[in-house]
Amino acid sequence: MAEINHVSEETFQKQVLDSALPVLVDFTATWCGPCKMLEPVVKQLAIDLSGKLEVVKLDIDSNQNLTMQFQVMGVPTLILFKGGKPVERMTGYQPKDRILKKLAPHLG
């Protein structure tokens, strides 16, 4: 199983915005049921798209500035960053094929 790195307000710039690869950020919370359902999907994406995409998690409760900055209103929210900018956003539980379809145009 791929271990997914957790990012914080301290590491977000370096790990997400400055990344050479597109980065999928999973905005999540420990108390969120749908987040737990999405977790195996996100882990599988990290394995399937290894080398094309980085996948990281961000806890909204410990990183409220980033949560507000990117206007995350509900969790889980997946935001794909490419070249330091958010280019795709999905909120709520999504099946893997739907996420892949959204990500595909950005992965070249």
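Only one residue in K82, K57, K52 is more than 16 Å from L107 (Cβ to Cβ), at pLDDT 95 or above and of a type in the set (K, R). Which one?
Exactly one of K82, K57, K52 is more than 16 Å from L107 (Cβ to Cβ), at pLDDT 95 or above and of a type in the set (K, R), namely K57.
How about segment 32-83: which of its residues are among the basic types (K, R) and out of contact with any helix residue (DSSP H, G or I) (no Cβ under 6 Å at 6 or more places or on another chain)?
Across segment 32-83, the qualifying residues are K36, K43, K57.
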Can you go through A104, A29 and tell me which one is free of Cβ contacts under 8 Å to residues at least 40 places away in the same chain and of a type in the set (A, V, I, L, M)? A104
The condition from (1) part of a loop (DSSP other than H, G, I, E, B); (2) in contact with a strand residue (DSSP E or B) (Cβ under 8 Å, 6 or more places away or on another chain); (3) open to solvent by 70 Å² or more (accessible area, probe 1.4 Å) that K102 misses is numbered (1)
With respect to T77, determine if the residue is touching a residue at least 40 places away in the same chain (Cβ under 8 Å), at negative phi and among the polar types (S, T, N, Q). yes
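The values are calculated or read from the model by the stated rules, or taken from the named source; none is laboratory data. Note that the structure is predicted; figures quoted are calculated from it, not measured. Quick reminder, even Gly has a Cβ in these numbers, built from the backbone with ideal geometry, and neighbours come from all protein chains shown. Ligands, DNA and RNA are stripped out before the accessible areas are found, and what is left, the full protein with its side chains, is counted by its heavy atoms. Shrake-Rupley method; radii C 1.70, N 1.55, O 1.52, S 1.80 Å.
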